[in-house]
1. Å³ per residue of the Cα convex hull, for segment 129-218?
2. Residue 148 to residue 72: extension gain in nm, 0.36 nm per residue of separation minus the Cα-Cα distance?
3. How much length is gained on full extension from residue 111 to residue 266, taking 0.36 nm per residue of separation minus their Cα-Cα distance?
4. Enter the per residue convex hull volume of segment 138-278, computed from alpha-carbon coordinates, in Å³ rounded to the nearest integer.
5. Against the globular-protein guess of 2.2 N^0.38 Å, express the Cα radius of gyration of segment 183-254 as a ratio, rounded to two decimals.
6. How large is ³J(HN,Hα), in whole Hz, for each residue of segment 243-253 in order, when computed from phi with the Karplus curve 6.51 cos²θ - 1.76 cosθ + 1.60 and θ = phi - 60°, using x for Gly and Pro?
7. Nearest 0.05, what FRET efficiency do residue 241 and residue 62 give at R0 = 51 Å with Cβ-Cβ as r?
8. Can you give the relative contact order of segment 41-106 as a percent, counting alpha carbon pairs under 8 Å and 6+ residues apart?
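The values are calculated or read from the model by the stated rules, or taken from the named source; none is laboratory data. Quick caveat: nothing in here was measured; it's all calculated off a predicted structure. Note that each Cβ is placed from the backbone with ideal geometry, even for glycine, and that neighbours are counted across all protein chains shown. When the accessible area is computed, the model is the full protein with side chains, heavy atoms only, and any ligands, DNA or RNA have been set aside. Shrake-Rupley method; radii C 1.70, N 1.55, O 1.52, S 1.80 Å.
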Amino acid sequence: MAPKSWQSRPRSKPRPPRHRNKRTLRSGGQFRSSNRPSDGPAVLYGWHTVKAALENPARRIRRLLATENALRRLTEDGVALPVKPELVRPDVIDARLGPDAVHQGLLAEADPLTAPTATEIALQGIVLVLDQITDPHNVGAILRSAAAFAVGAIVTTARHSPEATGVLAKSASGALELVPLVTVQNQARGMEDLRQRGFRLVGLDSGGETDLADLKLRAPLALVLGAEGKGLRQLTKTTCDQLARLDLPGEIKSLNVSNAAALALYVANRSLTTTDPS
């Protein structure tokens, strides 16, 4: 059986409304900025997360806090610093993030990356559609897998999705700078837009009639993953072209959603590679 019982973590407090304008894609997975209202700076911390942001010319860095060791590593790696770093002790960053945050001596405040639209997604390869997945650890881990498998974009809803900052960015380990996040107001309409542009929509569901590995897949492909605990919502299921499951050989038949995403991307990539006529 495929992943069935994914548990989400409750949100600690309500998220303020987000304001997104159109964002256009640039080559190399970078995004062009636009002047839009912001809910405040994105807080980025950790070596891979901050280094990737510093190396992304589309990411506007507002402030950089670094320990002496972290600043030395950046210098040795030849990372250009767009702002003058503030040299601090590790406990200064601890006080900002909390003692449990693994910051590795780096914290940056940056403008959020602006969002592309569904019509700007390239008509090739794979995109992921996340149906109300709210845990920032899971979404960050999915972003990391998406970057590893060269996913073209991740589509989420404006509501019921975590902000692209903090824990999500840290869990993504730099992938936030590489994989476009496309935000839609309505999941079903966003999926229909993808279908009209030629994407085949395959939802991952334990009740799917076919194992994903047995499907004859074609690009462009959209893999749709459901929220933890609930799985895909009924409207999302009916909007998909097909539902597929992930058959597992072991005693445990369910996976965390981020692990299921990685496995599905591996299976789909193998299938697309095998059936690619070129």
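1. 111
2. Full extension from residue 148 to residue 72 adds 24.6 nm.
3. Here the answer is 52.5 nm.
4. Numbers: hull volume 16.9 nm³, N = 141.
Convex hull volume per residue, Cα atoms: 120 Å³.
5. 1.14
6. Result, ordered by residue: 10, 9, 10, 10, 6, 10, x, x, 6, 8, 10 Hz.
7. Calculated transfer efficiency: 0.75.
8. Working: 74 pairs, mean separation 29.5, N = 66.
After rounding, I find 45 percent.
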